[in-house]
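The values are calculated or read from the model by the stated rules, or taken from the named source; none is laboratory data. Bear in mind the structure is a predicted one, so any value in this text is a computation, not a measurement. Cβ: placed from backbone, ideal geometry, glycine included. Neighbour counts: every protein chain shown. The protein model used for the area step is the full one, side chains on, heavy atoms only, and it has no ligands, DNA or RNA in it. Shrake-Rupley method; radii C 1.70, N 1.55, O 1.52, S 1.80 Å.
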Amino acid sequence: MTVARFWRENSSRYNLVGVKCGNCGKVFFPPRTICPECRRLSIGKMEPYKLRGEGEVFTFSIVHDAPSQLELQKPYIMAIIEMTEGVRITAQIIDCDPAEVHIGMKVRATMRKIREEGASGIIHYGYKFIPVTK
Amino acid sequence: MRDVAIIGIGDTKFGELWGMSLRDLGITAGLAAINDANLSGDEIDALYVGNMSAGKYVDQEHIGALIADYSGMSKNYIPATRIEAAGASGGLAFRQGYMSVASGATDIVVVGGAEKMTDVGDVISTEIQAMAADQQWETFFGATFPALHAMIARRHMHDYNTTRDQIAQVAVKNHKHGSLNPKAQFQKEIKLETVLKAAPVADPLKMFDCAPVSDGAAAVVLCDMDKAKKYTDTPIKVLASGQASDTLALAHRKNICEFKATSVAACRAFKQAKLTPNDIQLAEVHDNFTISEILAIEDLGFFPKGEGGKATENGETELGSKLAINTSGGLKARGDPMGATGIAQIVELVTQLRGEAGKRQVTNAKVGLAQNVGGTGATSVVHILERVN
Ligand SMILES: [Zn+2]
């Protein structure tokens, strides 16, 4: 794949930049051009909005059958995280024993390698989540 | 809108069909349907083909023209159109054919669905299936197709106290139904322990919670109801067709335990048919995973939200009960060749409504429903069929 396909998503994948609707104030991640609530009224009013990176586990799965590029990471924890801003994100949870993960567990975002396209291909980075320890 | 009848059906066995290519499959099912409808071929006005991903599975796009050509219909230069909506490609192709005849634009239409999945390895095949989800914001980060459904299962267990045993019972029941279907990929009954002790795929889902990788095709012939009697004594009427869409990514829905696209599509279909869920005697639902059938029977209005697991455990969805779910064996046992699945559901309903289902026949079957889903519920299409004589 060309680099551009991935590079254009970098601000969201590296820094959790979503958008906020200038009409109703709703936050979205990933960015959308149009707010589904306000539609035409939101055109040109969707402003970049950086998420704080904190949330809790809404649901999760332990993946045993992995895609080829993630073969070495298995078994890994996949989750839907509900962020404090109310949006939900699908991501991996790392630095966590699969037996410990549970619905409601507090997590925060960190940047890690997601996958790589073979030995000489592109290495992709992006967000994963780690447990918040008190 | 004119009334539309199904006057012909045809299908292949589902499974690992090493000897057959995509075009072999499509032609076999198509010709069987045309033969069943007693057509010479010249009466056919158009062809619709449901296919999810021939480009990825066998490096071939342009499936509409391909199937028209090899079934001998290019001689008449008929319009041939391929429809894609991931796992709902077949159901959507059927809807396009139905609307074409209902509108009066055409009188007789062939709708087929075909997928050749085993020409690539298992890992690649699973990756192609995952393209039905959101590539940029789900799959890229490691969410497999089973993992997305496992997350639904986990949440359903959390919110409604659905048990692992109840979910597993879907597989047991559908394998039992599959054992009565000579076209099914799996024709052996399985025990509850077999499902519970199978290799983990995406916890809490295991191998027997997932529909298999399959090759196969199915086809039907649709006809204006007024002309249908010319070709068959048992026309099956398409009472209603409903379709809906939802967010592509599962995470973007408020409630992941309901496929809103299914409940909305069902609502539209029931309204058109002037029926309620109570009027349905049998339904083919999209059980690509065991948990998907639990969602389906709730979202279609057969059982209240959260009660699907219990109903399954109590045998309320088995052959012989008031409402038989997936008499064909469903995607789980009948097999799930993506683009063919939605048409195979229609073929099963027609077989039942004609009273030709043999050992798995639903007694006095009069009204049946089919529900076909794309992705994790981003597309859903619901059809209701009725025996008219
Ligand atoms: Zn808005």
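Out of curiosity, is residue A:125 closer than 21 Å to residue A:11 by Cα, within 16 Å of the ligand (Cβ to nearest atom) and not in a loop (DSSP other than H, G, I, E, B)?
no
Output the strands (runs of 3 or more DSSP E) that fall wholly within segment B:167-249 and possess 2 or more residues being modelled with pLDDT of 95 or more and closer than 24 Å to residue B:13 by Cβ, or say none.
B:215-224
Can you pull out every residue in segment B:313-349 that is under 12 Å from the mean Cα position of the chain (by Cα) and hydrophobic (A, V, I, L, M, F, W, C)?
Answer for segment B:313-349, where residues must be under 12 Å from the mean Cα position of the chain (by Cα) and hydrophobic (A, V, I, L, M, F, W, C): B:331, B:338, B:340, B:343, B:344, B:346, B:347, B:349.
Please determine, by comparing only the residues of segment A:84-109 that are assigned to a strand (DSSP E or B) and among the β-branched types (Val, Ile, Thr), which one is nearest to the other protein chains (Cβ to nearest Cβ).
Out of the qualifying residues, it is A:90.
Looking only at segment A:31-45, which residues are within 6 Å of the ligand (Cβ to nearest atom) and within 14 Å of chain B (Cβ to nearest Cβ)?
A:35, A:37
Given the options B:206, B:197, B:229, name the one that is free of Cβ contacts under 8 Å to residues at least 60 places away in the same chain, open to solvent by 10 Å² or more (accessible area, probe 1.4 Å) and outside the structural domain of residue B:367 (by TED's automatic domain parsing).
Result: B:229 is the single residue among B:206, B:197, B:229 that is free of Cβ contacts under 8 Å to residues at least 60 places away in the same chain, open to solvent by 10 Å² or more (accessible area, probe 1.4 Å) and outside the structural domain of residue B:367 (by TED's automatic domain parsing).
Within segment B:287-325, which residues are of a type in the set (Lys, Arg) and not in a helix (DSSP H, G or I)?
B:305, B:322
Test residue B:323 against the stated conditions and say whether it is more than 14 Å from every other protein chain (Cβ to nearest Cβ), within 16 Å of residue B:383 (Cβ to Cβ) and open to solvent by 10 Å² or more (accessible area, probe 1.4 Å).
no
Which members of segment B:47-66 meet the condition of being touching a residue at least 60 places away in the same chain (Cβ under 8 Å) and open to solvent by less than 20 Å² (accessible area, probe 1.4 Å)?
Result: B:47, B:49, B:50, B:51, B:52, B:53, B:54, B:57.
May I ask you to verify whether residue A:115 is open to solvent by 20 Å² or more (accessible area, probe 1.4 Å) and under 19 Å from the mean Cα position of the chain (by Cα)?
Yes: the conditions hold for residue A:115.
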